[in-house]
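The values are calculated or read from the model by the stated rules, or taken from the named source; none is laboratory data. Keep in mind that what you see is a predicted model, and the values were worked out from it rather than measured. Here Cβ is always computed from backbone atoms with ideal geometry, including for glycine, and neighbour counts include all displayed protein chains.
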Amino acid sequence: MTATSTQPAVFAADERLVAGADWLSIAEQVAARLSETAVARERAGTPPHTEITWLREAGLLTLLNPKEAGGAGATFTDAFRVVRILARADTSIAQILSYHYLLSHSAFWRADQEQCERLVRQSVGQKWFWGGASNPRDALTILTADGDGFRLNGRKTFASNASRADRITLRAAFGDAVVLIALPGANDGIVHGNDWDAFGQRLTESGSIEFHDVRVERDDILGLFPPKPDAPLPALTTLVVPIHQLLFVNFYLGTAEGALLEANRYIRAQAKPWQTSGVARASEDPYILELYGSLHSDLRASIALAEVAATEIEAAIGRGAALAPDQRNSAATTVYAAKVNSTRVALDITSRIFDLMGARSTSARYGFDRFWRNVRTHTLHDPVAYKAREVGNFALNGRITSDPLYT
């Protein structure tokens, strides 16, 4: 179910997947392309076929896959930075790439060794785009045996990337057990609601999904099957949620960077100083300088915290099966501190840029409101107050409240 584009290729993927490729520069090229049409594409609300094609052509879909399988062999730290760069131009596309990285690795880490190797090879070779339908606040989908295979039924209010995905990951109930499935996105019986109508993140394809007697093969079910009720999950899978949250952090901060860069250009090119400021240019207005400096300082500090969190997560990933719960929780808490901080900073910057630019900047032709709308929409994904609670609980009591699908 690979999306196609009627536009000419922008990148040559075979030239990008080489040792030593500068992935941040490649991401900046993609971001520049996205930026050219960001306002028009958001207004049109067209499904992001072309944008996903650009990610595929640039080699960004296989960024995290190992070199021996044909991927770039990059680290999650690289992925966090790539996502931040893309978010400067288009938060929606940064989000769908984030979810692609997270959902594919959720599958790889839950699969057994043979499944994992096969999935990685196929994902790289066919440049799969991954989606998911595991919203934990909805009821689980139901998996039942059917001859030599299974059938899947159920509905999810929100799905991520799923309507464009080559593989869809989801959790399902099988009797008293819960299993993780990586399902071909083109299977019969999958119905996409196409009902995402939020005022932000308009191109994220986050609508509802239904499964009507969808055929599931045994090999689509990841890991040990049937699962043992008390079998511990692989250590790396405990990092899925904090990695997901740090991807959020980076596209929030990238959005804030994009908003402040747009304000910078507008102030220098179009804004006017207040009549009693005593200066000829808005860029010399003392109150604009003070506010811009404060916002810029907050952003730099929040990015620095995100980089510290990335270092700790990378170290946790590197421990592999030896990762201990207290090491996992320490890294996770740093991520959650970054989540709390980046949410505040991104919402503040994307709103207050208008104080810098003035009334004319609210014209619809600029689309500057998209930065705030996108951050405001996604930061409601899970309550930031609960992330602050986790940070406080770990700092004061040395523990994280148990909520495995959110913490």
Please work out if Glu51 is at pLDDT 95 or above, of a type outside the set (A, V, I, L, M, F, W, C), within 25 Å of Ala186 (Cα to Cα) and crowded, with 19+ Cβ neighbours inside 10 Å. yes
Residues located in segment 102-121, provided they are in a helix (DSSP H, G or I) and of a type in the set (A, V, I, L, M): Leu102, Leu103, Ala107, Leu119, Val120
So Phe80, is it in contact with a Cys (Cβ under 8 Å, 6 or more places away or on another chain), outside the structural domain of Ala165 (by TED's automatic domain parsing) and of a type outside the set (Gly, Ala, Ser): no
Within the group Lys156, Lys127, which residue is in contact (Cβ under 8 Å) with a residue 60 or more places away in the chain and over 16 Å from Ile221 (Cα atoms)? Lys127
With respect to Gly367, is the statement that it is modelled with pLDDT under 95 and either closer than 29 Å to Ser134 by Cα or not aliphatic (A, V, I, L, M) (or both) true? no
Determine which single condition Gly149 fails, assuming it passes every other condition in (1) within 17 Å of Ser206 (Cα to Cα); (2) at pLDDT 95 or above; (3) not charged (D, E, K, R). (1)
Can you tell me how many residues within segment 384-407 are within 30 Å of Leu203 (Cα to Cα), exposed (fewer than 14 other Cβ atoms within 10 Å of the Cβ) and either at pLDDT 95 or above or more than 17 Å from the chain's Cα centre (by Cα) (or both)? 3
Condition test on Ser283, is it surrounded by 13 or more Cβ atoms within 10 Å (Cβ to Cβ), modelled with pLDDT under 95, assigned by TED's automatic domain parsing to the domain that holds Arg319 and more than 21 Å from Thr401 (Cα to Cα)? no
Considering each residue of segment 109-142, count those that are outside the structural domain of Gly175 (by TED's automatic domain parsing) and more than 16 Å from Asn161 (Cα to Cα), and give that number. 17
Please enumerate the residues belonging to segment 326-368 that are outside any helix (DSSP H, G or I) and among the small types (Gly, Ala, Ser). Gly358, Ser363, Ala364, Gly367
Matching residues in segment 313-325 (assigned to a helix (DSSP H, G or I) and either in contact (Cβ under 8 Å) with a residue 60 or more places away in the chain or surrounded by 19 or more Cβ atoms within 10 Å (Cβ to Cβ) (or both)) number 9
Show the residue pairs that are 6+ apart or on different chains and have beta-carbon atoms under 7 Å apart, the first residue being within segment 354-383 and more than 17 Å from Phe199 (Cβ to Cβ) and in contact (Cβ under 8 Å) with a residue 60 or more places away in the chain, the second being hydrophobic (A, V, I, L, M, F, W, C) and in a loop (DSSP other than H, G, I, E, B). Met357/Ala271; Gly358/Ala271; Ser361/Phe368
Sort out which residues of segment 65-82 are within 19 Å of Ala316 (Cβ to Cβ) and crowded, with 24+ Cβ neighbours inside 10 Å, and write them in order of number. Ala79, Phe80
Only one residue in Ser342, Ser351, Ser330, Ser363 is polar (S, T, N, Q), surrounded by fewer than 19 Cβ atoms within 10 Å (Cβ to Cβ) and within 22 Å of Val241 (Cβ to Cβ). Which one? Ser330
Take the residues of segment 131-159 that are under 18 Å from the mean Cα position of the chain (by Cα) and closer than 18 Å to Trp196 by Cβ: which is surrounded by the fewest Cβ atoms within 10 Å (Cβ to Cβ)? Asn135
